[in-house]
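The values are calculated or read from the model by the stated rules, or taken from the named source; none is laboratory data. Values in this document were obtained by computation on a predicted structure and should not be read as measured data. Glycine also receives a Cβ, built like all others from the backbone with ideal geometry; neighbour counts cover every protein chain displayed. Accessible surface areas use protein heavy atoms only, side chains included; no ligands, DNA or RNA. Shrake-Rupley method; radii C 1.70, N 1.55, O 1.52, S 1.80 Å.
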Amino acid sequence: MSEETKFFEYLRRTGLKITRERKEILREVFTSHRHFDADELFLRLKGRGAGVSRATVYRTLALLVRSHLVRKMELGDGRATYEHVLGHPHHDHLICIQCNRILEFHHPEIEELQQKVCEEFDFKMKSHSQQIYGVCKECRKKQSS
Ligand SMILES: [Zn+2]
Ligand SMILES: [Zn+2]
Ligand SMILES: [Zn+2]
């Protein structure tokens, strides 16, 4: 299922309208495979002349998160970063609380254990996000020198 079909279905289900702005934002989010923050996304849209307000960008991002198309991650300084989920191989993150660098990893054993935990609780997992906060190698090097 394409991200558009999935998002439109979510909007319909929750009684929200498919607006031009929401379509523009969705398209922009899925053109990049990188982590981004809400302001970056807003500036990209503005640069394209998409005519979308900052508030709409924030609200639509929240909808994309709720419909599991986009993942939101808190950074060390309280800011948030996003990435789209669909069309991305699943991965988890190590986040440096000093430079906000994000390292991606995938560990089959962690995935399996999470599945096991869900089974124990008779819980049907829809998605998960694994964030490990710490200090990266480069930042630790800077501190010690
Ligand atoms: Zn995972
Ligand atoms: Zn760092
Ligand atoms: Zn990522």
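The residues of the range 18-110 have, on average, 53 Å² of accessible surface per residue, using a 1.4 Å probe with all protein chains present. A cut-off of 5 Å between modelled amide H atoms, ignoring neighbours fewer than 5 places along the same chain, links Val70 with Val65, Val85. Take 85-92, 22-29 and order them by the average number of nearby Cβ atoms within 10 Å per residue, most first; the result is 22-29, 85-92. The accessible-area ordering, largest first, of the residues Ile95, Ile132 stands as Ile132, Ile95, per a 1.4 angstrom probe.
Ranked by solvent-accessible area (1.4 Å probe, protein heavy atoms only, all chains present), the residues Met1, Met125 order from largest to smallest as Met1, Met125. Quick one: of the DSSP bridges fully inside the chain, what percent are antiparallel, nearest 5? Taking every DSSP beta bridge within the chain, about 70 percent pair in antiparallel fashion. So what is the calculated 222 nm ellipticity per residue for the chain, using -39500 (n - 2.57) for each DSSP H run with n of 4 or more, over all residues, to the nearest 500 deg cm²/dmol? After summing the helix terms and dividing by the residues of the chain, the value is -14000 deg cm²/dmol.
Derived scalar couplings between HN and Hα for the range 111-120 equal 4, 5, 4, 4, 4, 4, 4, 4, 4, 4 Hz in order, rounded to whole Hz, by the Karplus curve 6.51 cos²θ - 1.76 cosθ + 1.60 (θ = phi - 60°), x for Gly and Pro. Say the dipole of the range 1-65 comes from +1 at the beta carbon of Lys and Arg and -1 at that of Asp and Glu; which of Leu26, Phe36, Phe8 then lies farthest toward its positive end? Farthest towards the positive pole: Phe8.
Here each label is just a point 7 Å from Cα along the line to Cβ, and for Arg79 and Lys126 those points are 2.9 nm apart.
Going by accessible surface with a 1.4 Å probe and the largest first, Glu104, Glu83, Glu138 read Glu104, Glu138, Glu83. For the range 28-43, backbone phi angles converted through the Karplus equation (6.51, -1.76, 1.60; θ = phi - 60°) give residue-by-residue couplings of 5, 4, 8, 7, 10, 9, 9, 6, 9, 10, 4, 5, 4, 4, 4, 5 Hz, Gly and Pro being listed as x. Where in the range 1-42 does the label zone of His68 land, with the point 7 angstrom along Cα→C-beta and an amide N cut-off under 17 Å? It comes to 1-14, nothing else. Across the chain, the longest run free of exposed loop sites, meaning chymotrypsin sites (Phe, Trp or Tyr not before Pro) lying outside DSSP classes H, G, I, E and B with no more than 10 other Cβ atoms within 10 Å, spans 1-120. For the chain, with all protein chains in place and a probe radius of 1.4 Å, 53% of the accessible heavy-atom surface sits on carbon or sulfur. The lysines within cross-link reach of Lys124, meaning a Cα-to-Cα straight distance under 25 Å and a gap of 8 or more places when in the same chain, are Lys6, Lys72, Lys116.
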